[in-house]
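See below for the structure under consideration.
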Amino acid sequence: MSKWAAAAFRGVHELRFHLCSESAASQPLRSFLQSNYKSMKGASPALPMLVREHKGASPTVYVRYGMGKEKSVSVADMSEEQIATTLKAAFQASK
């Protein structure tokens, strides 16, 4: 992930990850964050990356761009690879 992350984050102002700490639908997002959070944060240390865990939450990624534009993507039951692909597509929308 870190190979493309630095370039991809250029138009992004904030990333928010909402997930449930217990549900099976959120497990792939939890695994994705455990595997990739450090490399994403290392690629763009100034970018706010917020992880919000609350019971019953649907796993969703929010990407905030400039001028108040925001996109939310449900990642329920996606694999880690699908989540990475979804993030790449959301980042490309910022260009």
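The table below lists the values:
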| item | result |
| --- | --- |
| Among beta bridges that DSSP assigns inside the chain, antiparallel share in %, nearest 5 | 70 |
| From the coordinates shown, Rg and Dmax of the Cα atoms in Å corresponds to which of [x] 18.8, 58; [y] 12.4, 35; [z] 12.4, 39 | [y] |
| Cα-projected label distance for A89 with K69, points at 7 Å along beta-carbon direction, nm | 1.7 |
| Fluctuation leader among G56, G68, G11 - the chain, Gaussian network, Cα springs under 10 angstrom | G68 |
| Rounded accessible area of E53 (nearest 10 Å², 1.4 Å probe) | 110 |
| Euclidean distance of C-alpha centroids, region 31-49 and region 63-95, integer Å | 14 |
| Estimated dipole of the chain in Debye, rounded to 20 [Cβ of Lys and Arg +1, of Asp and Glu -1, Cα centre] | 400 |
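The values are calculated or read from the model by the stated rules, or taken from the named source; none is laboratory data. What you are looking at is a predicted structure, and each value in this text was computed from that prediction instead of being measured. For neighbour counting, all protein chains shown are included, and Cβ atoms are generated from backbone atoms with ideal geometry for every residue, glycine included. With ligands, DNA and RNA removed, areas are computed over all heavy atoms of the protein, side chains included. Shrake-Rupley method; radii C 1.70, N 1.55, O 1.52, S 1.80 Å.
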